[in-house]
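Heads up: the structure comes next, in structure tokens.
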Amino acid sequence: MTQLQEKFLDLDGRQIAYVATGPDPSIVLLHGIPTSRHLWRDVLGPLSEAGLNCVAPDLLGYGDSSKPESADLGIASQARIIEGLLQQLSWNGGVVVGHDIGGGVAQLLALNCPQYVRGLVLVDSIAYDSFPEPGIARLKDPVWDEILGAEGFDLRKGLAKGLRSGMAQQEKVTPELVAEYERPFQGVTGRQAYLRAARALRTEELSTRAWEIERLQMPTLLVWGAHDTFQPLPYGQRLAKAMPNAELEVIEEAGHFLPEDTPDRLAQLIIRFVKTRL
């Protein structure tokens, strides 16, 4: 695991937490729900060793970033926030890597700021109308305010179940891993923040721009776990077929949380993509 110092940037009075492996990063790594930048810990090292400096933020409402009660946490808003973060970091452009809803943020960032996105890597990403998946969508029911608001509710049980469902190598779902993903959402206020993040996911923010995404010209690598139960492989196959400069890599030993299942394999694919396609 690569140990990096956490840093913060202020964006309109809200703190965005991030780590960077060196100056002038050329790769941005965006996590999904319910994870954080912790998802990339075992990918950052190999990328850095290959000479690729990275920045990995916590999306607003996730990880150690601020969890405001009234902010829009949808993927369109997150794309604007990441754009602001990269501008403050004086980012000169490079590759945007996104997992799950982070892949949706990456797609919108590529549409909104094509001058900065020279390549896309979408890892078990949301696509078209694939989100929110049923386990997340059900949290919009008001009954969950009472359920998650109960003092004795243990979010770790739900997170552990989701991780086991989303990973092919279930022995990696340790109490320590579950605790790290639960940590930002501890207590009643933390679980309320989790509900806000889940409820902010709106299908139309991506689906209405699908025709534009399919026409993106930058080199694109899609990496999919063969056993993804949350974002099934046909979504990746459809998107890869539609985009003019896309290729698809399917990892048999992985599920949805591919950066947890096979981080070294993912890092090598990103390195190859950067060195051969850009």
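Here are a few things to note about the model shown:
- For beta carbons closer than 7 Å, sequence separation of 6+ or different chains, a first residue in the range 73-95 that is closer than 16 Å to His31 by Cβ and a second that is part of a helix (DSSP H, G or I) and of a type in the set (Gly, Ala, Ser), the qualifying pairs are Leu73/Ala197; Ile75/Gly104.
- Just one residue in the set Thr189, Thr262, Thr174, Thr229 is of a type in the set (Ser, Thr, Tyr) and either under 21 Å from Val105 (Cβ atoms) or crowded, with 16+ Cβ neighbours inside 10 Å (or both); that residue is Thr262.
- Of residues in the range 232-246 being over 18 Å from the mean Cα position of the chain (by Cα) and surrounded by 14 or more Cβ atoms within 10 Å (Cβ to Cβ), the one nearest to Leu278 (Cα to Cα): Ala246
Every residue, every condition in (1) at pLDDT 95 or above; (2) over 25 Å from Ser130 (Cβ atoms), yes or no:
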site: Leu44; (1), (2): yes, yes
site: Ala56; (1), (2): yes, no
site: Leu59; (1), (2): yes, no
site: Gly63; (1), (2): yes, no
site: Ala76; (1), (2): yes, no
site: Ile81; (1), (2): yes, no
site: Leu89; (1), (2): no, yes
site: Gly98; (1), (2): yes, no
site: Ala110; (1), (2): yes, no
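- So Ser70, is it closer than 16 Å to Arg196 by Cβ, free of Cβ contacts under 8 Å to residues at least 24 places away in the same chain and among the polar types (S, T, N, Q): yes
- Hits in the range 200-221 (condition: farther than 15 Å from Asn112 by Cα, among the charged types (D, E, K, R) and surrounded by 15 or more Cβ atoms within 10 Å (Cβ to Cβ)): Arg202
- Checked against (1) closer than 20 Å to Ala197 by Cβ; (2) over 14 Å from the mean Cα position of the chain (by Cα), Leu89 meets all criteria but (1).
- Flag if Ala179 is assigned to a loop (DSSP other than H, G, I, E, B) and over 25 Å from Ala242 (Cβ atoms): no
- Flag if Ile147 is without any contact (Cβ under 8 Å) to a residue 24 or more places away in the chain and either part of a loop (DSSP other than H, G, I, E, B) or among the β-branched types (Val, Ile, Thr) (or both): yes
- Any hit, the range 122-130, residues being touching a Gly at 6+ places or on another chain (Cβ under 7 Å), in contact (Cβ under 8 Å) with a residue 24 or more places away in the chain, β-branched (Val, Ile, Thr) and outside any strand (DSSP E or B): yes
- Some residue of the range 114-128 being touching a Pro at 6+ places or on another chain (Cβ under 7 Å) and over 16 Å from Leu195 (Cβ atoms): yes
- Strands (runs of 3 or more DSSP E) contained entirely in the range 1-61, each with at least 3 residues that are buried (at least 24 other Cβ atoms within 10 Å of the Cβ): 27-30, 54-57
- Cβ pairs under 9 Å, 6+ apart, first in the range 206-220 and more than 13 Å from Leu109 (Cα to Cα) and in contact (Cβ under 8 Å) with a residue 60 or more places away in the chain, second among the polar types (S, T, N, Q) and crowded, with 16+ Cβ neighbours inside 10 Å: Ser207/Ser130
- The range 82-115: number of residues that are outside any helix (DSSP H, G or I) and closer than 30 Å to Ala254 by Cα: 8
- For the range 102-117, the condition holds for no residue, the condition being that it is β-branched (Val, Ile, Thr) and touching a Ser or Thr at 6+ places or on another chain (Cβ under 8 Å).
- When residues in the range 110-135 are screened for being crowded, with 19+ Cβ neighbours inside 10 Å and not charged (D, E, K, R), 13 of them pass.
- When Glu69 is tested against the conditions (1) in a strand (DSSP E or B); (2) more than 18 Å from the chain's Cα centre (by Cα), the lone failure is (1).
The values are calculated or read from the model by the stated rules, or taken from the named source; none is laboratory data. Please read these numbers as outputs of a predicted model, since none were measured by experiment. All Cβ positions, glycine included, derive from the backbone under ideal geometry; neighbour counts span all protein chains shown.
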